[in-house]
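Visitor: Starting off with a structure, shown below.
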Amino acid sequence: MRAPSGRRRAVWAGRILLALAALIVAAEARAEPLPEWLEFRPGDGSAGPLAHEALAKLQKERAGWLDAGYGYVEVAWRTQITIEREPRVRMHRTEMRGFVSDVGGQQGGNFEIHVKTSRARISILRAYLLRSDGSIEEVDARSIQVTDAQAPELFSDEKRVTIPMRGVVPGAIGVLEYEEVRDLDADPMPWSLYTFLQMAVPIASQEITVVNERDPSWLDWKTNDAELKCTSRAADRIVCERAATDAIASDPAINSYADLVPHLIFAERVDWNALAERVGGLVEGKLDSSPAIAAEVERIRSGFADDGARAEELYRVVSNQVRYLGFEHGDSAVVPHSASETWAKRFGDCKDKVTLFVAMARALGIDARPVLASTFHFDAERLLLPAGSYFDHMIVCSDALRVDDGCVDVTLASSPAALPFQLQGAVALDLGTGPTTRRPRLHELPRREILWEVAIEREVELGCDGGARETVARSNGGALGDIIRSALAAATPADRTQHLNDEFNSALPAIADRPVQQISGLADPSRPYSVRYSTEQAAAFQARGRESYFDFDAWLTFHLRSMIIENKHHPYDLPGLELASTTRYSLCERGRIETLGPTLRFEREWGEIRRFYTLDGDDLVVESKVRIPSRRLTPAQAADMRLSIGRVLEQSAIRFDYAID
Amino acid sequence: MTRATRTRRSRPSRSKPNVHPGRFAALLFSAILLGGCAGGGRPLPAPPPDASGAPGAPGIGSGLRAVDPARRSVAAENGRYEVAIEGPSLLGSGADFGSQDADFGLLIPEDEVVLIFMSYDDPSVTLDMVTAHRRDQVRKNGKAHFEKEERFFLPSGRHRVASLAYFEGLPNEETRFLYSLVVAGAGGPIEVVGSTTRPKNGAKLRQAIMRLRLLGD
């Protein structure tokens with residue numbers, strides 16, 4: 001084929017540009033009409049006084065915010081919540097975002113609204129950009145994008161509305177004003193509204209007004225923000241204001257920002273018992289049976305001797321044979337599907353699977369109770385009043401199960417019958433109705449002292465030619481090991497290999513020739529999974545005379561380093577580690593061990609690290625043990641522990657003297 | 001026979017101090033153990049000039065006097081440190097070890113106990129280097145053998161890593177039992193070596209050594 005001439009190239013380039021332009025125009029023109037629950041009111045090209053105030057504020061403070069490293073800041077938030085008699089809740093909200101730098105436009109140029117469309121309607125009243133010269137750029141309705149707000153496995157009518165500001169430049173203010181009207185009629189859950197009052201960027205001013213048109217006894221509210229000034233200017237009106245709110249300081253290790261950030265909550269008045277009974281009733285109402293369920297129950301009853309074994313088998317069946325997939329349209333977001341339907345479909349979300357578990361457990365004569373859990377609160381004292389908004393997950397607990405107070409998460413496949421790592425210590429609300437129901441209902445789930453159980457077996461052959469051959473088998477167990485195993489079991493072989501290689505590179509960065517690593521035990525949740533590899537190194541040590549041998553204990557170091565927390569601002573719930581490592585050195589026939597290395601006994605309030613050297617025939621066996629129990633670490637304690645572990649790491653090399661004739 | 005025990009801040013000397021072997025067997029033994037920088041690993045820093053062999057150096061016992069019980073600390077180039085002393089204490093001139101700084105002594109009746117301080121005023125000297133050096137010296141001396149070593153956080157120092165090595169005497173007339181405590185310091189390790197002729201005093205000696213405290217910890 002002949003190469004195109006310069007003229008032809010120009011013609012083709014022009015055609016391509018035209019085609020691209022046509023595609024862009026077509027894309028805008030093709031934009032689907034907004035859904036019926038979303039209204040967009042075109043702007044009139046003017047900005048209100050609040051927007052001009054926000055612009056003035058941005059112009060005054062921008063240099064300081066830029067110096068502090070912020071790309072954008074929330075200059076003003078105004079929220080008015082009206083609780084109507086219908087019953088209905090109307091929320092009018094205005095967000096004014098100041099763009100400090102170009103990066104800020106990339107970070108915050110799109111505004112978002114999350115909406116549960118089965119019960120709520122959104123009207124976007126104003127959406128525009130106010131530039132520093134006073135000019136206005138209105139948002140184009142055709143550019144508004146509506147996407148699913150949930151994970152791919154959750155089918156629901158919860159949506160995310162993205163409103164992209166046009167022409168964002170530093171010094172401009174983005175303004176979004178909208179109204180959400182939520183229908184409370186026959187809502188299966190008591191209403192509540194949970195608002196975080198601090199973010200990763202500063203909020204220059206906030207104002208929240210609640211107008212309660214219902215009986216005053218219907219509404220409860222509370223905040224844990226000492227700086228938020230709330231007043232009841234009238235019997236039916238509460239106004240909360242706060243001036244500048246600093247950004248929440250970030251730290252490398254955070255369990256949950258929700259436990260750190262102050263919040264304000266409004267909720268339909270209800271006590272914890274009533275809330276638990278109401279949500280528990282939703283599960284109780286779906287505990288049916290079917291011939292298929294009865295057959296499976298009979299299989300478990302006849303195949304397993306006692307309640308404990310039956311409950312574990314039931315967990316295995318519900319977690320592994322019913323896949324996680326939620327149909328959460330409408331009230332199904334909070335009301336489970338019936339047990340028979342979930343068993344027939346072999347899929348369901350957390351509450352569906354819990355309902356199935358409870359139904360089958362009771363058919364087996366085993367007590368089981370549903371429990372609401374929060375994956376973002378680990379401190380029960382952060383829950384200010386009874387409200388469903390604090391919870392986002394459901395698990396099941398049974399006294400027939402042995403560990404973690406018998407609580408399990410049936411949404412996790414390939415996992416043992418125990419609480420997963422993410423829920424250790426999480427805040428929970430027991431929904432049970434039977435005698436084993438936990439009192440008080442609101443509590444923190446147990447948190448194991450040891451969450452990461454690691455075993456390392458190394459065999460090192462030291463040849464008379466100076467070469468070293470090493471075989472390493474390491475296993476990962478405990479709640480943390482289980483969650484990694486569950487993820488590895490679901491991963492592709494390529495992703496598994498990548499994970500193992502990443503770990504190896506992190507532990508042994510100096511070894512360029514990465515060995516092939518074999519992984520086993522992923523399918524058996526009753527024991528830790530393990531990884532095995534072998535390496536060979538020529539001229540690894542001096543194979544003549546009397547010498548000292550030093551060996552970098554890479555995997556011990558790798559795990560100890562993972563316990564180093566660099567937090568400067570916030571406490572961290574350190575997951576407990578127990579590590580047992582055995583290294584056996586076999587010297588060649590002309591060699592002998594002369595001097596054993598030092599026993600290590602490092603003990604502090606955060607844990608202990610020990611090492612012993614023993615001779616087993618001609619072999620040297622080095623056993624190392626680390627025990628660092630789970631605990632909450634303040635930044636000062638983390639710094640203290642960091643220093644201690646740093647000193648221990650300096651002493652962690654295995655050392656002994658040998659002689660080779 | 002002198003039962004004096006002494007402490008010293010110094011570096012290990014290369015040569016054997018010129019002290020009377022019969023009268024001051026304990027000191028001689030310790031000096032042998034401490035002397036020299038040969039052996040595997042990186043050489044230790046050069047010692048200060050050794051005046052112990054200078055003509056007319058006084059006998060070690062001649063300058064001993066009671067120590068003020070309140071005085072427990074020693075100033076060194078890499079900081080100040082102290083050791084708790086049990087029992088009657090004596091103070092030597094220090095000249096016998098090439099240092100004019102006063103030292104502490106530990107006295108256990110009917111025993112020859114020696115307690116010596118050394119500071120390695122070089123932050124690049126590691127615990128491994130000092131412990132290897134000490135093991136090597138004891139092995140070359142041939143009168144005791146290395147028994148065991150432990151590493152831990154010094155009880156009196158929050159993050160201060162320490163090594164305690166124990167050497168057991170060989171069955172001959174000069175049998176001694178020896179502890180070497182090496183503590184990591186910012187300016188370089190500090191070592192306290194203690195020896196006794198009687199195993200039953202080992203626990204007391206160990207206890208005294210373990211009370212080493214770096215001031216400021």
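The values are calculated or read from the model by the stated rules, or taken from the named source; none is laboratory data. Please read these numbers as outputs of a predicted model, since none were measured by experiment. In this analysis, Cβ positions are derived from the backbone assuming ideal geometry, glycine residues included, and neighbour counts consider all displayed protein chains. Note: areas computed on protein heavy atoms with side chains; ligands, DNA, RNA excluded. Shrake-Rupley method; radii C 1.70, N 1.55, O 1.52, S 1.80 Å.
Visitor: Towards the positive end of the charge dipole of the range A:524-585, with charges on Cβ (+1 Lys, Arg; -1 Asp, Glu), say which of A:PHE541, A:HIS559, A:ALA580 has the farthest Cα.
Guide: Checking the options against the dipole of the range A:524-585, the answer is A:PHE541.
Visitor: So which residues in the range B:131-172 end up with at least 50 square angstrom less accessible surface once the other protein chains are there, compared with the chain by itself, probe 1.4 angstrom?
Guide: In the range B:131-172, residues shielded by partner chains: B:ARG135, B:GLU149, B:GLU150, B:ARG151, B:PHE153, B:ARG158, B:HIS159, B:VAL161.
Visitor: Which of the cysteines in chain A are isolated, no other cysteine C-beta under 4.7 Å?
Guide: Cys with no partner Cβ under 4.7 Å: A:CYS350.
Visitor: Would you tell me the accessible area of A:PHE558, worked out with a 1.4 angstrom probe on the heavy atoms of the protein chains, in Å² to the nearest 10?
Guide: Counting only protein heavy atoms, A:PHE558 exposes about 40 Å² to solvent.
Visitor: Right, here's the next one. Which links in A:LYS60/A:LYS222; A:LYS229/A:LYS568; A:LYS286/A:LYS353; A:LYS159/A:LYS351; A:LYS222/A:LYS286; A:LYS116/A:LYS351 stretch past 23 Å when you go from one Cα to the other?
Guide: Those over the limit are A:LYS60/A:LYS222; A:LYS229/A:LYS568; A:LYS222/A:LYS286.
Visitor: Further question: B:ARG139: accessible area at probe 1.4 Å, nearest 10 Å²?
Guide: Its accessible surface works out to 120 Å², give or take rounding.
Visitor: While we're here: Could I have the simple spin-label model distance between A:SER289 and A:GLU32, label points 7 Å from Cα toward Cβ, reported in nm to one decimal?
Guide: Result: 4.4 nm between the two label points.
Visitor: Quick one: putting +1 on the C-beta of Lys and Arg, -1 on the C-beta of Asp and Glu, what dipole do you get for chain A around its Cα centre, in Debye to the nearest 20?
Guide: So the dipole magnitude of chain A works out to roughly 1300 debye.
Visitor: Here is a further query. Along the charge dipole of chain A, Cβ charges K/R +1 and D/E -1, which of A:VAL181, A:TYR529, A:ALA359 sits furthest on the positive end?
Guide: A:VAL181
Visitor: Calculated FRET efficiency, A:GLN537 and A:ASN224, Cβ-Cβ r, R0 51 Å, to nearest 0.05?
Guide: The pair A:GLN537/A:ASN224 has a calculated efficiency of 0.35.
Visitor: Assuming a ≥ b ≥ c are the square roots of the Cα gyration tensor eigenvalues, decide whether the range A:356-420 counts as rounded (a/c under 1.5), prolate (otherwise, with a/b larger than b/c) or oblate.
Guide: Note, shape of the range A:356-420 comes out prolate.
Visitor: Given a cut-off of under 8 Å on Cα pairs at least six residues apart, what relative contact order in percent is computed for chain A?
Guide: Relative contact order, chain A: 10 percent.
Visitor: Tally Lys and Arg at +1 and Asp and Glu at -1 over the other residues with C-beta under 10 Å from the C-beta of A:ARG160: what net charge comes out?
Guide: -2
Visitor: What's the magnitude of the charge dipole for the range A:495-597 around its Cα centre, counting Lys and Arg as +1 and Asp and Glu as -1 at the beta-carbon? Answer in Debye, nearest 20.
Guide: Dipole size: approximately 300 debye.
Visitor: Work out the charge dipole of the range A:490-614 with +1 on the Cβ of Lys and Arg and -1 on the Cβ of Asp and Glu about the Cα centre, then indicate which of A:ALA490, A:HIS570, A:ILE609 is farthest towards its positive end.
Guide: Ranked along the dipole, the leading option is A:ILE609.
Visitor: Here's another thing I want to ask about it. Taking every eigenvalue of the Cα gyration tensor of chain A, multiplying by 5 and rooting it, what semi-axes result, largest first, whole Å?
Guide: 51, 36, 27
Visitor: Taking a ≥ b ≥ c as the square roots of the Cα gyration tensor eigenvalues, with a/c under 1.5 meaning rounded and otherwise prolate when a/b beats b/c, else oblate, which class fits the range A:502-661?
Guide: Verdict is prolate for the range A:502-661.
Visitor: Between A:ASN501 and A:ALA636, what is the label-to-label distance in nm when each label sits 7 Å out along the Cα-to-Cβ direction?
Guide: Reported label-point gap for A:ASN501 and A:ALA636 is 4.6 nm.
Visitor: Shape verdict for the range A:134-264, please, from the Cα gyration tensor: rounded (a/c under 1.5), prolate (a/b greater than b/c) or oblate.
Guide: In terms of gyration-tensor shape, rounded.
Visitor: A further question follows. Pop out the carbon and sulfur fraction of the accessible area of the range A:200-273 as a percent, whole number, probe 1.4 Å.
Guide: 47
Visitor: Can you list the DSSP H helices in chain A whose Cα atoms extend at least 24 Å along the helix axis and whose mean Kyte-Doolittle hydropathy is 0.5 or higher?
Guide: Qualifying helices: A:6-30.
Visitor: Moving on to the next point. Per residue of chain A, what 222 nm ellipticity follows from adding -39500 (n - 2.57) for every DSSP H run with n ≥ 4, rounded to the nearest 500?
Guide: One gets -8000 deg cm²/dmol as the mean residue ellipticity at 222 nm.
Visitor: Another one. Run the dipole for the range A:175-318 about the Cα centre, Lys and Arg Cβ at +1, Asp and Glu Cβ at -1, nothing else charged, and hand back the magnitude in debye, nearest 20.
Guide: Charge dipole, the range A:175-318, about its Cα centre: 160 debye, nearest 20.
Visitor: To the nearest 0.05, what FRET efficiency results for A:LEU125 and A:ALA380 with a Förster distance of 41 Å applied to their C-beta separation?
Guide: Efficiency for this residue pair is about 0.60.
Visitor: Right, something else. Report the Stokes-Einstein translational diffusion coefficient (µm² s⁻¹, integer) for the range A:367-515, Rh taken as the Kirkwood radius over Cα pairs, at 4 °C with viscosity 1.567 mPa s.
Guide: Here the translational diffusion coefficient equals 71 µm²/s.
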